Amino acid sequence: MQEKMKSLSSKIILVISFIFISSILIIFSVFEKMNKEAFYSVEIEKANLVVRTIEPLIALNIYLGMESRIDSTVLQLIENPNILAVKVLKNNKIINEKKSREYNINVESSFIIEKNLFQPNSKNKIGSIILVYSSKNYEKLIDRYRNLLMKVIFAFSIFFLLFGLYVKKLLSPLKNIAKSLKNYSPDQKINIPYIEENNEIGLISQALNNMQQSILQYSEQQQNINRYLEDKVSEKTLKLRTQLYTNSLTKLPNRLSLLHDINIFKDSALLIINIDDFKEINDFFGLLAGDNVLIAFAHKLESMLSMEKNITLIHLSGDEFALFFMEKPSLKSFVETAKTLILDIEKMVFFHEENELSIRATLGGAFQTQEALEKADIALKSAKKRGKSFLLYDEKLNVEQQYKNNIEWVKKINIAIEKDKIVPFFQPIYDNKTNAIVSCECLIRLIDENNNVISPFHFLSIAKKSKLYVKLTKIMIEKSCRYFEHLDCDFSLNLSVEDMLDEDIVNYIKFNIKRYNVSKKIVFEILETEGIESYEEVSLFIDEMKSFGCRIAIDDFGSGYSNFAYLLQLNIDYIKIDGSLIKNLDKDLNARMVVETIVSFAQKLNVIVIAEYVHNEEIHKKVKELNIDRSQGFHLAEPQEQLTS
């Protein structure tokens with residue numbers, strides 16, 4: 001509960017009262033002390049005057065030896081009501097002492113005056129006189145003074161009380177104004193009192209009233225602005241919500257809308273539609289043509305589904321659409337819808353300028369509500385992989401396990417990169433005439449957390465999909481160049497066509513061969529299994545590398561895409577015959593004939609030939625019989641972390 005505030009007038013009166021009381025107490029204390037001292041001095045002076053009056057007479061009587069006359073003098077003094085006792089001493093002996101009747105009553109509140117008696121006209125002391133003087137008169141004076149002072153204080157108190165009440169009355173209008181403002185609200189007008197008065201209070205009231213008018217006008221403006229802003233926010237919110245749940249191109253519900261619907265409808269089904277090779281339309285006719293095809297495709301699907309009240313058409317992204325069944329149909333009806341849709345899409349025709357465009361589509365379906373989008377996507381990818389137009393999600397697809405394995409391998413690759421566990425292993429290549437090591441192929445290996453050596457068969461393809469391949473390539477380039485910097489041995493690195501066309505990797509290669517001064521030692525093995533289509537770009541890479549002193553080999557030659565035109569168009573130094581031809585060289589006559597042709601052709605071009613996959617002594621002998629220059633394989637040496645002679 002809010003504490004009750006004290007009024008300003010009460011505070012002023014309290015302050016004035018405090019100052020008044022403090023002042024009166026101080027004045028009272030000072031005056032009382034001063035007057036007490038003054039009254040006391042007066043009474044002492046009166047007593048001294050009495051003593052000074054009788055002193056000569058008593059001194060003379062003592063000097064003349066007339067002590068009997070002293071008695072009469074003392075008796076006369078005692079008759080004074082203010083003198084309580086008189087004592088006369090000669091040579092410190094009392095020779096006369098008289099006390100009044102009031103001595104015992106007032107002796108405690110009295111003044112004692114002692115005076116020495118001297119021989120007349122001499123300073124010889126002959127005795128002393130002690131006078132006990134009553135303070136009764138002094139106390140009466142003090143009492144009168146106090147009474148007078150209390151009357152003055154009372155008069156001042158009455159004055160200040162009246163003054164305080166007057167001040168409180170003067171300030172009461174301010175108090176009333178404050179009360180009226182206590183529950184003030186900017187949007188509610190209040191009546192401020194005393195506006196008509198012609199004084200300072202009236203001026204304050206008028207100023208407050210004018211301020212209130214200004215605040216009311218401002219408040220009204222702010223309310224109008226707030227209402228306007230609220231309307232705009234509501235409008236924008238609706239617009240943003242529409243944008244959030246709508247595809248900007250086709251104006252169909254989007255992926256977020258689908259996820260929202262999946263959470264609402266618990267017994268549903270889903271079909272994902274992907275337009276096959278849609279990228280070709282974008283690449284050949286342009287993005288605008290592609291967008292027009294998507295818009296037209298959406299309109300055609302909407303027209304086909306116009307009578308279906310329980311199916312929502314969704315534009316997931318790009319070339320991917322979906323049909324969301326809010327009520328799950330029978331499985332037979334669901335599959336028939338998918339198959340009919342495939343046929344209807346194949347019949348669709350789109351026009352761009354004077355070109356007639358046709359499309360095909362692949363569908364993936366999920367008949368389960370839980371994780372419907374993920375499962376339909378798995379079915380779609382499996383359909384594309386198997387070359388089918390439609391697949392329904394089934395646990396037997398085992399795609400989820402593949403995804404989990406891929407995710408696990410991506411994690412292992414990242415850990416290996418972070419912990420510097422991606423390393424090159426080196427497999428020697430032998431000269432078939434001297435049996436000496438003339439070169440080494442650098443092969444990538446991953447060392448897992450248990451220090452197991454993992455071959456690239458398990459992780460390289462996943463690295464390419466997860467965009468970690470470039471990192472692995474750079475690691476192999478740097479570590480291999482560094483290892484052979486001070487070794488008198490050639491070494492080779494495998495490069496894909498994509499590597500040679502990647503400006504970043506090419507620059508990294510140039511940097512490292514200069515950094516470690518290995519340009520005369522390094523051989524780049526181009527993977528022939530991928531097929532070389534960009535001859536011009538690859539040829540530029542080869543020419544640039546050879547300008548540094550590097551050499552080039554065609555790897556896996558004879559693996560299926562072999563084209564002897566390589567040997568003519570590309571300025572190469574080595575051919576490495578694929579293991580599929582070498583491994584059965586002692587038994588397969590056709591393989592032997594192909595190898596003989598390759599060797600003969602290479603010798604005419606002065607290109608060195610290397611046999612891969614030499615896995616036993618019989619194969620090694622056949623390789624030598626065919627005049628193949630060099631051999632590589634597990635029979636001769638396995639890949640090793642450190643090169644040994």
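The values are calculated or read from the model by the stated rules, or taken from the named source; none is laboratory data. Bear in mind the structure is a predicted one, so any value in this text is a computation, not a measurement. Heads up, the Cβs are rebuilt from the backbone with ideal geometry, glycines too, and the neighbour counts pull from every protein chain shown. Ligands, DNA and RNA are excluded from the accessible area calculation, which covers all protein heavy atoms including side chains. Shrake-Rupley method; radii C 1.70, N 1.55, O 1.52, S 1.80 Å.
Points worth noting:
- Rounded FRET efficiency, nearest 0.05, which uses the C-beta distance separating E596 from K404 and R0 of 51 Å: 0.60
- In this structure, the residue pairs whose Cα-Cα separation is over 19 Å, taken from K419/K479; K99/K140; K467/K546; K412/K471; K520/K624, are K99/K140; K467/K546; K520/K624.
- Sorted from longest to shortest, the spans of the Cα atoms of segment 390-532 along the three principal axes equal 59, 36, 34 Å.
- Working from label points 7 Å from Cα in the Cα-to-Cβ sense, the V152 to R69 distance is 5.1 nm.
- Probe 1.4 Å - accessible area at D504, Å² to nearest ten: 80 Å²
- The share of C-alpha pairs in segment 69-199 whose separation exceeds 26 Å stands at 60 percent.
- Under conditions of 10 °C and 1.306 mPa s, the chain yields 41 µm² s⁻¹ as its translational diffusion coefficient, taking Rh as the Kirkwood radius over Cα pairs in the Stokes-Einstein equation.
- Taking only protein heavy atoms and a 1.4 Å probe, the accessible area of segment 53-166 is 55% carbon and sulfur.
- Residue-averaged [θ]222 nm for the chain, counting only DSSP H segments that reach four residues, each worth -39500 (n - 2.57): -17500 deg cm²/dmol
- With a Förster radius of 25 Å applied to the beta-carbon distance between Q223 and N176, the computed FRET efficiency rounds to 0.25.
- Positive minus negative residues near E302 (Lys, Arg vs Asp, Glu; Cβ under 14 Å): +1
- Compared with the dominant principal axis of the Cα atoms in the chain, helix 255-264 is inclined by about 70°.
- Placing +1 on the Cβ of every Lys and Arg and -1 on the Cβ of every Asp and Glu, with nothing else charged, gives the chain a dipole about its Cα centre of roughly 6080 debye.
- Sparse-neighbour loop sites [trypsin sites (Lys or Arg not before Pro); segment 399-505; at most 13 other C-beta within 10 Å; DSSP]: K419, K433, K467
- Taking a sphere under 15 Å around the Cβ of I311 and counting the other residues whose Cβ falls inside, with K and R at +1 and D and E at -1, yields a net charge of -4.
- Against the chain, whose longest principal axis is taken from its Cα atoms, helix 469-483 shows a tilt of about 90°.
- Only beta bridges with both residues in the chain are counted; by DSSP, about 70 percent of them are antiparallel.
- The calculated FRET efficiency for H458 paired with K385, based on their beta-carbon distance and R0 = 22 Å, is about 0.65.
- C-alpha long axis of helix 372-386 to longest principal axis of the chain, angle in °: 20 degrees
- Per-residue extension of 0.36 nm, minus the Cα-Cα distance of S22 and K339, leaves a gain of 103.5 nm for this segment.
- Pairs of Lys in segment 198-281 closer than 30 Å at Cα, counting only those 8 or more apart or on different chains: 6
- Residue-span extension gain [E346 to R515] - 0.36 nm each, minus C-alpha spacing: 55.1 nm
- Potential extension, K419-N263 segment - 0.36 nm per residue separation minus Cα distance: 52.0 nm
- Cα lying deepest toward the dipole's positive end in the chain, options T597, Q221, N292, charges on Cβ: Q221
- Å² of accessible area per residue within segment 297-380, as computed with a 1.4 Å probe and no ligands counted: 51 Å²
- Restricting the GluC sites (Glu not before Pro) of segment 98-198 to loop positions (DSSP other than H, G, I, E, B) with no more than 10 neighbouring Cβ atoms within 10 Å leaves E108, E196.
- Zone residues, segment 266-292, relative to N355, backbone N less than 18 Å from point 7 Å out along Cα-to-Cβ: 275-292
- The chain: relative contact order in percent, alpha carbon pairs under 8 Å with at least 6 residues between: 7 percent
- Signed unit charges on C-beta, dipole axis of the chain, positive-most listed residue N310, G387, I201: I201
- Residue-count net charge about N61 - beta-carbon cut-off 14 Å; Lys, Arg +1, Asp, Glu -1: -1
- Fraction of the pair-distance distribution of segment 432-491 above 13 Å, Cα-Cα pairs, percent: 71 percent
- Karplus 3J(HN,Hα) series, Hz, for segment 544-551 with 6.51 cos²θ - 1.76 cosθ + 1.60 (x for Gly, Pro): 5, 5, 5, 5, 8, x, 6, 10
- Rounded to the nearest 20 debye, the dipole magnitude of segment 222-302 is 460 debye, with +1 charges on Lys and Arg beta carbons, -1 on Asp and Glu beta carbons, and the Cα centre as origin.
- Between Q76 and K471, the modelled labels are 13.4 nm apart [label points 7 Å from Cα along Cα→Cβ].
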